[in-house]
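Before any comments, here is the structure.
The values are calculated or read from the model by the stated rules, or taken from the named source; none is laboratory data. Everything numeric in this text was worked out from a predicted model, so none of it was measured. When we count neighbours, we look across all protein chains shown, and the Cβ atoms used for this are built from the backbone with ideal geometry, even at glycine. The accessibility values were calculated without ligands, DNA or RNA, using every heavy atom of the protein model including side chains. Shrake-Rupley method; radii C 1.70, N 1.55, O 1.52, S 1.80 Å.
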Amino acid sequence: MRKIKYKKGRKLQHITLEYTGSHKEHKSEMQLFVYDDADVVEYEKLSVLALNTCVDYTKNNWLNIHGLNDINLIKTIGAHFKVDDFLLADILNTTKRTKLQEQQDILFFNIKSLLPSEYSDNISVEQISFILKDGVLISFQEKRSDFFTHIRERLRTHSGIVRTKKVDYLLYLLLDAVMENFYITLEDEEDKVEELINETKKDAKPIILEKIENHRDNLNFLKRSIIPLRDSLYYLKTIKDDDTDNGIEKETFNFYIRLHQKSLELLEQIESDMSSLESASNFYFSEQSRKMNEIMKTLTIISAIFIPLTFIVGVYGMNFDNIPELKYKYGYHSVMVAMFFLVIGLIVYFKKRRWF
């Protein structure tokens, strides 16, 4: 089944906690990083009961949840960090569009992570949500993936400035990692579109038009996924000078401005790729018209050759007794020779006129 549209799914109430995604076979697990410039502590397969003792509010905390099937776990996390059910419902409802929401001391962000499917032209979709509150960043993933592996390594090895910054900078890194998937998906689409254009120039088969439409759907889906992300990042860009506490320090806003610029670049590239697809579509129809013209020209030449032959045969097929050459001994041979040279003459004439 193609994954190029936001799933409509069953309509849920705003506070109904029910996971609507397709990764229902993945078990829910928690991973916690507690870090600062001096040290980092990592907890794997953390239990809910251990949250009280493991979370250190004097340091930076990144709690990552893999799998959203355990509704009780999600409810418990929401109760522990005092997150409203409205936000929890948005985390579990994967049909929601990308959005940014401020709620008291909470900054909520959810985003679609897109990657090309390995064995098809489809696009795989995963929703990732983030909650930023009181020095704690909570990320929710539908399944275990390697989107953030390099960020975990940077935390462990103290690479870069991530451990010297607050969790708002970590949120930037995570969003940037998800946006890299957009680039990967777009580059994959561009390679396939280029291959499709070359294939169209070699032989414009009907299946090519179907492939063109499939890639156009993929690019439109990419565009629909990036536009709300661009709007959310623009909102962050506009509140840079506000005095309200949204969990993001002013010196970190410049990094989010970079993400906004990336979203604009992605949209511009998508528009360019859409133009390339439109050119491929136009070339396909032009090639079909050219082939049809060649066929019609060939049939017309054949018809033009046989019209005088049909006329001669029709004349000598009339049932009159006094037709000239009717009793001539070599009449048949003479007419056949004349018809042969007539055909040769017509072919030579058409060739000189470059009609074929």
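Annotations for the structure displayed:
- For region 303-324, the set of residues classified as under 15 Å from residue 336 (Cβ atoms) and among the polar types (S, T, N, Q) consists of 310 only.
Rundown of residues vs (1) in contact with a helix residue (DSSP H, G or I) (Cβ under 6 Å, 6 or more places away or on another chain); (2) buried (at least 20 other Cβ atoms within 10 Å of the Cβ); (3) at pLDDT below 90; (4) in a helix (DSSP H, G or I), yes/no style:
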site: 140; (1), (2), (3), (4): yes, yes, no, no
site: 145; (1), (2), (3), (4): no, no, yes, no
site: 159; (1), (2), (3), (4): no, no, no, no
site: 174; (1), (2), (3), (4): no, yes, no, yes
site: 184; (1), (2), (3), (4): no, no, no, yes
site: 216; (1), (2), (3), (4): yes, no, yes, yes
site: 223; (1), (2), (3), (4): yes, no, no, yes
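- Subset of region 68-92 [farther than 25 Å from residue 256 by Cβ, touching a residue at least 60 places away in the same chain (Cβ under 8 Å) and out of contact with any helix residue (DSSP H, G or I) (no Cβ under 9 Å at 6 or more places or on another chain)]: 89
- Any hit, region 141-154, residues being among the basic types (Lys, Arg) and over 22 Å from residue 37 (Cα atoms): yes
- Some residue of region 147-154 being modelled with pLDDT under 90, in a strand (DSSP E or B) and either surrounded by fewer than 20 Cβ atoms within 10 Å (Cβ to Cβ) or not polar (S, T, N, Q) (or both): no
Conditions tested, residue by residue: (1) under 19 Å from the mean Cα position of the chain (by Cα); (2) farther than 28 Å from residue 82 by Cβ; (3) crowded, with 17+ Cβ neighbours inside 10 Å; (4) acidic (Asp, Glu).
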{"position": "127", "(1), (2), (3), (4)": "yes, no, yes, no"}
{"position": "134", "(1), (2), (3), (4)": "no, no, no, yes"}
{"position": "137", "(1), (2), (3), (4)": "no, no, yes, no"}
{"position": "169", "(1), (2), (3), (4)": "no, no, yes, no"}
{"position": "178", "(1), (2), (3), (4)": "yes, no, yes, no"}
{"position": "207", "(1), (2), (3), (4)": "no, yes, no, no"}
{"position": "210", "(1), (2), (3), (4)": "yes, yes, no, yes"}
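- Residue among 277, 309, 299, 342 that alone is within 30 Å of residue 179 (Cα to Cα) and in a helix (DSSP H, G or I): 277
- Hits in region 304-338 - residues which are touching a helix residue (DSSP H, G or I) at 6+ places or on another chain (Cβ under 8 Å), among the aliphatic types (A, V, I, L, M) and closer than 27 Å to residue 294 by Cβ: 304, 305, 309
This table checks each residue for (1) part of a helix (DSSP H, G or I); (2) hydrophobic (A, V, I, L, M, F, W, C).
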| position | (1), (2) |
| --- | --- |
| 26 | no, no |
| 46 | no, yes |
| 64 | no, no |
| 76 | yes, no |
| 100 | no, yes |
| 129 | no, no |
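- Some residue of region 240-251 being assigned to a helix (DSSP H, G or I) and open to solvent by less than 60 Å² (accessible area, probe 1.4 Å): no
- Residues of region 73-104 that turn out to be closer than 13 Å to residue 30 by Cβ and surrounded by fewer than 19 Cβ atoms within 10 Å (Cβ to Cβ), as a count: 4
- When 286, 281, 272 are screened for being touching a Leu at 6+ places or on another chain (Cβ under 8 Å), open to solvent by less than 80 Å² (accessible area, probe 1.4 Å) and more than 30 Å from residue 161 (Cα to Cα), only 281 passes.
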